[in-house]
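All of the numbers you see were taken from the coordinates with simple rules; none came from a lab. Everything quoted here is computed from the prediction, not taken from an experiment. No Cβ is skipped: glycine too gets one built from the backbone with ideal geometry, and neighbour counts run over all protein chains shown.
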Amino acid sequence: MHMRLLAFAAFLLLGACADTAPRAVVVDGSLRILERGVPGVHPGASAREWVFTRGISEAQINLMELQGSVVARANAPGGATMGRRVATTIGATPYMRWSWYLEPTQFGGGIGDGLERGVRVLVFFRSPQRPGMERYTSLIGMQPPEWDRYVEIAFGGFGAARAEEARQAKWITDDKGRKLDLRDPRPGQAGNWHVEAIDLTEVHRHFWPNENPAGVQIAMIAFGGLRSEAPPDVPAAIGYVAEISLSR
């Protein structure tokens, strides 16, 4: 938990002065995070649209092409994230779709360090009802924070004596550590691609029921691996994230 807090503190420091950075925009009602505008993959892509928290190793997230799509591979020890700034609202693009894959070898050999292994997608929000102090600082020439809350959607679990016996689940946590379980733990989830879709309106309403989510800005979509040490003699790849998109 301590390392995750440090990672998000780095995110907040970057976000505090980046309100004028370029952002990916919605085209024809949808926005694909990894399918266009990725630095090092697509010519002319804007690196300023992206935020990286790669820790001590830049090899924690690798980008590659798989069957014509850009895929992000998260590597152990995890914790690093790569995020793209976007310009949209929950009301304009309430649905998020993505796919992911967990490496079965990561889940054999028992729990190990006692940390859940898996991959995650993060959604950073900016509410129009910001605290009064933030509105005041913006009036005197200081930028308000780029986002003020987030949720983390994770897919993973603990290891078992045999990889095929390990149980994985899907869950959401918010920036205060509140958790919403989306899928009960079950074996056999690793080693296969899973296509997921979620209504961000319902997610926001669950964690912040007193706000109308329609006008809440989606400031960034990020992705990476959960922080955990790989079992001994296991390749570093934790899993893959691909086809992240927002749509109406």
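The table that follows gives values for the structure above.
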quantity	calculated
Length added when fully stretched, T20-A214, from 0.36 nm per residue minus Cα-Cα	67.6 nm
Cα→Cβ-extended label distance, 7 Å offset, between E202 and R48, nm	3.9
In order through region 152-161: 3J(HN,Hα) via Karplus (6.51 cos²θ - 1.76 cosθ + 1.60), integer Hz, x for Gly, Pro	10, 9, 10, 9, x, x, 9, x, 9, 4
Sequence ranges 30-41, 204-215, ranked by mean other-Cβ count within 10 angstrom, highest first	30-41, 204-215
Most to least packed among 191-201, 74-84, 234-244, 168-178 [average Cβ atoms within 10 Å]	74-84, 234-244, 168-178, 191-201
Long-range amide H partners of A160 with built H, under 5 Å	G108, G109, G110, A166
Per-peptide average of other Cβ atoms within 10 Å, ordering 149-157, 182-190 highest first	149-157, 182-190
Zone residues, region 90-121, relative to R183, backbone N less than 20 Å from point 7 Å out along Cα-to-Cβ	95-108, 115-121
Using θ = phi - 60° and Karplus 6.51 cos²θ - 1.76 cosθ + 1.60, couplings along region 44-51 (whole Hz; Gly, Pro as x)	x, 5, 8, 5, 6, 6, 10, 10
Cut-off under 5 Å, modelled amide H: who pairs with V216 long-range	I90, G91
Karplus 3J(HN,Hα) series, Hz, for region 199-209 with 6.51 cos²θ - 1.76 cosθ + 1.60 (x for Gly, Pro)	8, 5, 4, 5, 4, 5, 5, 5, 8, 10, x
